[in-house]
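So the structure is just underneath, and the comments pick up after that.
The values are calculated or read from the model by the stated rules, or taken from the named source; none is laboratory data. Note that the structure is predicted; figures quoted are calculated from it, not measured. Heads up, the Cβs are rebuilt from the backbone with ideal geometry, glycines too, and the neighbour counts pull from every protein chain shown. Quick note on the areas: whole protein, heavy atoms, side chains included, nothing else; ligands and nucleic acids left out. Shrake-Rupley method; radii C 1.70, N 1.55, O 1.52, S 1.80 Å.
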Amino acid sequence: MVVLRRGYSVPEHVSLFAVGAASLGAVYPAVVAHTGWPGLPCPLRTLTGVPCPFCGMTTATVALSHGEWASAAAANPLVYLVAILVAGTVPVLLARTVGLAGGPRPWPAAKRRRVRWAMAVVVALSWLFQLHRFGFI
Amino acid sequence: MAYAAENPAVSPAAYANWGQRVGAYLIDYVPIFVLELIGIVSRNAIIWFVFILASLGWWIYNRCIQAGRTGQSLGKKTLHLRLLSEKTGEPIGAGMAFARDICHILDSLACYIGWLFPLWDAKRQTFADKIIGTVVIPE
């Protein structure tokens, strides 16, 4: 039975995913070069030509996992936000794994609301960035 | 178990996490991938068509009928998960399970971000789950 009973916080979930994505990003160019696979295009941009706020994240993740800081920022600066989250969360995650820290505690509703609004603003700014990057504004 | 109705403040840990959901999804789609691959490598239009129909049949049986009537497709059964209506706590029926899979198109629209929503959503729902009003819970 494969059931993860341990409770992970939202930052932990996102960080674990980001670490996995970065690991894939490290081998992604080799896979593309070997197979000729063009990667997953953004359906919104493919259908309408308009980018979404998350366009460029694959390029940015691959660039960051190869230490190409400027290329990562040029593709999608959101990747830096995720990298900061990973840098802040992974030590806590490791401390919890070895028993040096307790389990995650739920945030108060007001704090969750503030974070949701902040993320909405960040996503809106990212969309503006992508619209500018693709010459719409 | 009417999750939302009886437990409005239920913890996200009460819902299946992203890894479990991805695992169940992959298990559901492995037979479809294999059937379509056999059809493609056969290099025969009739055999290809038969295998496309077979994969479509499997998708309807597994993802719509089984998941809709029992809450468990093969993947969810293997990983001990269940798809339920967040209002009634009951399986959603084949028609709504079909509609939910169609709504997964919206999960892919903006760089597939909807598929990542269970990473941070309070009820660990995708866009499709929010539209149809479903949750996936561990047994």
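Restricting attention to region B:23-62, the residues being assigned to a helix (DSSP H, G or I), free of Cβ contacts under 8 Å to residues at least 24 places away in the same chain and surrounded by fewer than 16 Cβ atoms within 10 Å (Cβ to Cβ) number 18. One residue stands out among those in region A:5-47 that are open to solvent by less than 50 Å² (accessible area, probe 1.4 Å) and in a loop (DSSP other than H, G, I, E, B): the one that is modelled with the highest pLDDT, which is A:C42. When residues in region B:63-84 are screened for being among the hydroxyl-bearing types (S, T, Y) and open to solvent by 20 Å² or more (accessible area, probe 1.4 Å), 2 of them pass.
The listed residues are A:G135, A:G102, A:G67, and the only one of them that is closer than 30 Å to B:I105 by Cβ and either part of a loop (DSSP other than H, G, I, E, B) or without any contact (Cβ under 8 Å) to a residue 24 or more places away in the chain (or both) turns out to be A:G135.
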